[in-house]
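Notes follow the structure.
The values are calculated or read from the model by the stated rules, or taken from the named source; none is laboratory data. Note that the coordinates shown come from a computational prediction; the quantities given were computed from them, not determined experimentally. FYI the Cβ positions are ideal-geometry reconstructions off the backbone, even for glycines, and counts take in every protein chain you see. Surface areas here come from the heavy atoms of the whole protein model, side chains and all, with no ligands, DNA or RNA. Shrake-Rupley method; radii C 1.70, N 1.55, O 1.52, S 1.80 Å.
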Protein chains: 2
Amino acid sequence: MHTILVIEDERDLAGLVAFNLEKEGYRCVIACDGIQGLEMARQHNPDLILLDLMLPGMLGTELCKLLKKAENTSQIPVIMLTAKGEEIDKVVGFEVGADDYVVKPFSTRELVLRVKAVLRRFAVETESETIINIGTVTIDTSRHVVAVKGEEIAFTSTEFKLLHTLVKRWGRVQSRDVLLRDVWGYNYVGDTRTVDTHITRLRTKMGEAGDMIKTVRGFGYKLEER
Amino acid sequence: MHTILVIEDERDLAGLVAFNLEKEGYRCVIACDGIQGLEMARQHNPDLILLDLMLPGMLGTELCKLLKKAENTSQIPVIMLTAKGEEIDKVVGFEVGADDYVVKPFSTRELVLRVKAVLRRFAVETESETIINIGTVTIDTSRHVVAVKGEEIAFTSTEFKLLHTLVKRWGRVQSRDVLLRDVWGYNYVGDTRTVDTHITRLRTKMGEAGDMIKTVRGFGYKLEER
DNA sequence: CCCCGTTGTCATCATGCTGTCACAACAGGC
DNA sequence: GCCTGTTGTGACAGCATGATGACAACGGGG
């Protein structure tokens, strides 16, 4: 049973949404403004958040950024409810960090399908634990911490995302294009060689465990257990 | 080799898109209006369709619905090209049925990445197998690893692609021309004898399993189970 | 407003992959 | 057995690719 937090100031709409989601077997919690939303996100630890872009008191985008920044809420997927014409690009992009969006007015059918899709996507990504162990390397996505041989290592956010992507798919080769897309985002325009530099930084910081990152010439990189 | 149908009335844009996709190794077919597009989709059976939302004569959305309804085109993924502000929600939603969209103006990088992502998504659904076993030889494309009798062997990128092509079509003779096209790319200009050299390298590295690669005098090479 | 950590880009260097060639080996037809 | 066209193979030079360090732009925090 998944819990969904609905942050939406129009009570009628919030109620309608909750009603339909509950009909599909989800548990729903409703918050009517940003502050309350943030609090409930922390308290209830929902599996997904439906967030209205226009909220009294706090912009939905700001709230989303906050959620994605805070340690204990950052891994919760967020679906934005936007009115037509609002800057959708930014919302789903890296700037705000929402995982999907639905444009108002939406059919309940569409909303439910989106919710299912996002939950499925996240189930795959977070399958197994939030702590992954490959050889001497341990990565804890929820605490945002990496350790090699028990020794904690400080990574920057880009480095962490890159390493996380490699760890999630360890053994499998990831091309530079794939890494750019999954770490830097779809809209990233720039040199694919940027990946090289960051791989170097990872290797350096990881010390002797650095050679677990293998270069596959002509294809990309992969992480291998030793 | 994937074939992509580009349905776009602005010939300049269509040409540019095709140019960039072909640079990435895709084959492109261009249609300049809806009717032609529908016909070419049926004829060429492309692996993916890039469809402009605004077309003279027939709306892109209508065309997309038609494609998704017809039996022999319904399984072809469609990426919509939309101008900002057009109703993206409907397009990718369930009403129209497109599989993804790109907002104009787009960078070629983004387009190519979207195309790759969609094709990969569809490929996963259709083939699934990344590990192939022929006799004592195992090839794992996702991990980019080849093993003979359980022993891992390091192959260079060209060698790997060549072996993969042979393994994929084991038992069937592949002419040098076909191998050149599928491994080196269809626009490769050079000596067909290059293939010979690489076959030799494969045989050497594979050890006693090397004689699974048979020379078919006057035709080409094939891989045989022993 | 300044400082410092982060990040993308670039130039340079090292590496080893790759295509070509020359010649040897070979198969098959006569 | 000889001849011819085809294939095998080792050597090698050129070059594509990746590693790396320097650096400037940027941005957040104090």
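Structure above, values below:
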read-out	value
Pair list, Cβ < 6 Å and 6+ apart or interchain, from the range A:101-119 residues that are facing chain B (nearest Cβ under 8 Å) to residues that are hydroxyl-bearing (Ser, Thr, Tyr)	A:103/A:82
Among the candidates B:178, B:183, B:189, B:167, residue that is out of contact with any Asp or Glu (no Cβ under 8 Å at 6 or more places or on another chain), more than 30 Å from residue B:19 (Cβ to Cβ) and β-branched (Val, Ile, Thr)	B:167
Lone qualifier among A:189, A:183 - being crowded, with 18+ Cβ neighbours inside 10 Å and away from DNA strand D (no atom under 13 Å from the Cβ)	A:183
The lone exception for residue A:216 - which of (1) away from DNA strand D (no atom under 12 Å from the Cβ); (2) in contact (Cβ under 8 Å) with a residue 12 or more places away in the chain it fails	(1)
Those helices (runs of 4 or more DSSP H) lying entirely in the range A:157-213 with at least 1 residues more than 14 Å from chain B (Cβ to nearest Cβ)	A:157-168, A:193-206
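Residues are listed down the side, and each one gets a yes or a no for (1) open to solvent by 70 Å² or more (accessible area, probe 1.4 Å); (2) closer than 26 Å to residue A:100 by Cα; (3) touching a His at 6+ places or on another chain (Cβ under 6 Å); (4) within 13 Å of DNA strand C (Cβ to nearest atom):
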| residue | (1), (2), (3), (4) |
| --- | --- |
| A:161 | yes, yes, no, yes |
| A:165 | no, yes, no, no |
| A:169 | no, yes, no, no |
| A:173 | no, no, yes, no |
| A:200 | yes, no, no, yes |
| A:208 | yes, no, no, no |
| A:212 | no, no, no, no |
| A:223 | no, no, no, no |
